[in-house]
Amino acid sequence: MRDKVKKAFDYKRLASAAAALPLLILFLKNLPPDPYFLILLLAVGMLALREFHVMYKVPLFLSIPSVLLGACLLYVMCFYPFYISEAIFAAFFILLMLRLLIPPSPGGALKDIGVIATGYLYIIGFLVFQWFLRRDASGLENIFMLYASVWIADASAYYIGTYAGTHKLCPSISPNKTYEGFAGSIIGGAAGALLVSFIYGFQVLPAGKSVMAGVVIGTVTVSGDLIESMFKRDAGVKDSGNLLPGHGGLLDKIDGLLVSGPVLYILLRFI
C-alpha cells in the first residue's frame with residue numbers, strides 16, 4: 001500500500017499540473033483563438049512531432065524539415081482546407097527529395113518516410129480538430145469540455161487504477177492499465193463534461209447528453225493512451241520524452257486529447 005500511495009502522489013507530477021493548469025485556463029479564457037490558440041497548437045504539434053521522430057530515431061536532416069512542414073500543414077488545414085492536397089504533395093515531395101539525396105542510400109528510406117507520414121496523420125491530422133472546436137460559436141465551452149473530460153478521465157484512471165486496479169486491460173501494450181482504471185476513466189470523463197456544461201448553464205448540451213459525451217470521451221481517452229503506448233513499445237522507449245516532470249514527454253500528456261478531439265467534434269456536429 002505504501003508503494004501505491006507513493007506512486008499516486010508523485011510530487012513532480014502534481015507540481016507540474018498545479019503550475020500548468022491555471023496558466024492554460026487563463027490563456028484560453030482571456031486570449032482570442034486567432035492567433036493565440038493557433039500558436040499554441042502549432043507549438044504543441046511541432047514539439048510532439050519532434051518527440052515522435054526521436055522515439056523512432058528519424059535522422060535530423062529529415063526530422064527538422066518535416067517538423068517545420070508539419071506546422072505548415074497544420075496552418076493550411078486550419079485556414080485553407082481546400083488546398084490540403086497540394087500542401088501534402090509539396091511536403092512529401094520535399095521530404096522524399098531530401099531522403100533521396102542525403103544520404104544517397106536507399107537503406108531505411110521507407111522506415112524514415114513512414115514514421116514521418118504516420119506522425120502527420122496521427123499528430124497533425126488529429127490535432128487540427130481542436131482548432132475546429134475552438135472556432136465554433138461555443139468554442140470556449142467546447143475546448144474546456146474536451147480538456148476537462150480528458151484530464152479528469154486520465155487522473156481518475158491513474159488513481160483508481162493505482163489503488164484498486166487488479167485486472168489487466170492490455171498487458172502486452174501497457175502493463176499498468178487495468179479494467180478498474182478504464183472504468184475510472186469513463187467516470188472521470190462523464191464528470192468533466194457534466195462539470196463544464198453546468199458551469200456554462202448547459203448552453204450547448206443538456207445534462208444527459210453531456211454525460212453521454214463524457215462517457216465516450218472517457219472511453220476513447222484510454223484508447224488514445226494505448227495507441228501511444230503501442231508506438232512506445234514498438235520504438236523501445238518508456239516515455240516519449242522528459243519535457244514535463246512526472247508526466248514524461250508532451251506526447252505522453254496529449255495522447256488522449258489527440259483521439260478525443262475528433263470524437264467530440266463529430267459528436268457535437270453530427271449527433
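Name the long-range amide H neighbours of Ser174: under 5 Å, sequence gap of 5 or more, or other chain; modelled H, no Pro or chain starts.
Here the answer is none, since no amide H 5 or more places off falls under 5 Å of that of Ser174.
At 0.36 nm per residue, minus the direct Cα-Cα distance, what do Phe82 and Ile266 gain on full extension? Give it in nm, one decimal, please. It would help to have the intermediate numbers written out before the result.
Working: separation 184, 0.36 × 184 = 66.24 nm, distance 1.98 nm.
That works out to 64.3 nm of additional length.
Spelling out what I want: for every residue of the range 177-193, take phi, set θ = phi - 60°, compute 6.51 cos²θ - 1.76 cosθ + 1.60 (Karplus), and round to whole Hz; glycine and proline get x.
Couplings: 6, 10, 5, 5, x, 4, 4, x, 5, 5, 4, x, x, 5, 5, x, 5 Hz.
Between Asp34 and Cys72, 0.36 nm times their residue separation minus their Cα-Cα distance comes to what?
Numbers: separation 38, 0.36 × 38 = 13.68 nm, distance 1.58 nm.
Taking 0.36 nm per residue and subtracting the Cα distance, the gain is 12.1 nm.
In the set [x] 20.3, 68; [y] 19.2, 61; [z] 18.9, 67, which value of Rg and Dmax of the Cα atoms in Å was calculated from the structure you see?
[y]
In deg cm²/dmol and to the nearest 500, what is the mean residue ellipticity at 222 nm of the chain if only DSSP H runs of at least 4 residues count, each as -39500 (n - 2.57), divided by the residue total?
Working: 11 runs with 202 residues, N = 271.
Mean residue ellipticity at 222 nm (helix-derived): -25500 deg cm²/dmol.
Net charge around Cys170, counting only other residues with Cβ within less than 11 Å of its Cβ (Lys, Arg = +1; Asp, Glu = -1)?
Neighbourhood net charge equals +2.
With charges only on Cβ, +1 for K and R and -1 for D and E, what is the dipole size of the chain about its Cα centre, in debye, rounded to 20?
Details: 21 positive and 16 negative charges, 102 e Å.
For this selection, approximately 500 debye.
For a Förster distance of 25 Å, can you work out the FRET efficiency between the beta-carbons of Phe202 and Ala155, rounded to the nearest 0.05?
Working: r = 24 Å, r/R0 = 0.95.
Taking R0 as 25 Å, the efficiency between Phe202 and Ala155 is 0.60.
Summing +1 for each Lys or Arg and -1 for each Asp or Glu, what net charge is found among the other residues whose Cβ lies under 15 Å from the Cβ of Gly236?
On the way: positive: Lys57, Lys111, Lys232, Arg233, Lys238; negative: Glu51, Glu228, Asp234, Asp239.
Result for the local shell: +1.
For Ala235, put the label point 7 Å out on the Cα→Cβ axis and report which residues of the range 98-115 keep their amide N under 11 Å from it.
From the range 98-115, the list is 115.
Can you check what the net charge comes to around Asp112, using other residues whose Cβ is under 13 Å from the Cβ of Asp112 (Lys, Arg +1; Asp, Glu -1)?
It works out to a net charge of +3.
Which of the pairs Lys29/Lys177; Lys111/Lys168; Lys57/Lys253; Lys209/Lys238; Lys168/Lys238 have their Cα atoms more than 25 Å apart in this structure?
Details: Lys29/Lys177 34 Å; Lys111/Lys168 32 Å; Lys57/Lys253 21 Å; Lys209/Lys238 37 Å; Lys168/Lys238 18 Å.
Violating the 25 Å Cα-Cα cut-off are Lys29/Lys177; Lys111/Lys168; Lys209/Lys238.
Over the range 56-111, what per residue volume does the convex hull of the Cα atoms give, in whole Å³? Display every interim value, and only then the final one.
Details: hull volume 4.2 nm³, N = 56.
Looking at the range 56-111, the number lands at 74 Å³ per residue.
Over the range 193-271, with a single point scatterer placed on each C-alpha, what log10 of the ratio I(q)/I(0) does the Debye formula yield at q = 0.16, 0.21, 0.24 1/Å?
-0.68, -0.90, -1.03
Could you work out how far the C-alpha centroid of the range 122-161 sits from that of the range 39-97, in angstrom?
22 Å
Checking a compactness column here: for the range 31-135, what do you get for Rg(Cα) / (2.2 N^0.38 Å), N being the number of residues? Don't jump to the answer; show the numbers that get you there.
Details: Rg = 14.1 Å, N = 105, 2.2 N^0.38 = 12.9 Å.
So the Cα radius of gyration is 1.09 times the expected 2.2 N^0.38 Å.
Coordinate-derived values only; no laboratory data. On a predicted model such as this, the values are computed, not experimentally measured, just so you know. Neighbour counts are summed over all protein chains in view; Cβ atoms, including those assigned to glycine, are modelled from backbone coordinates with ideal geometry.
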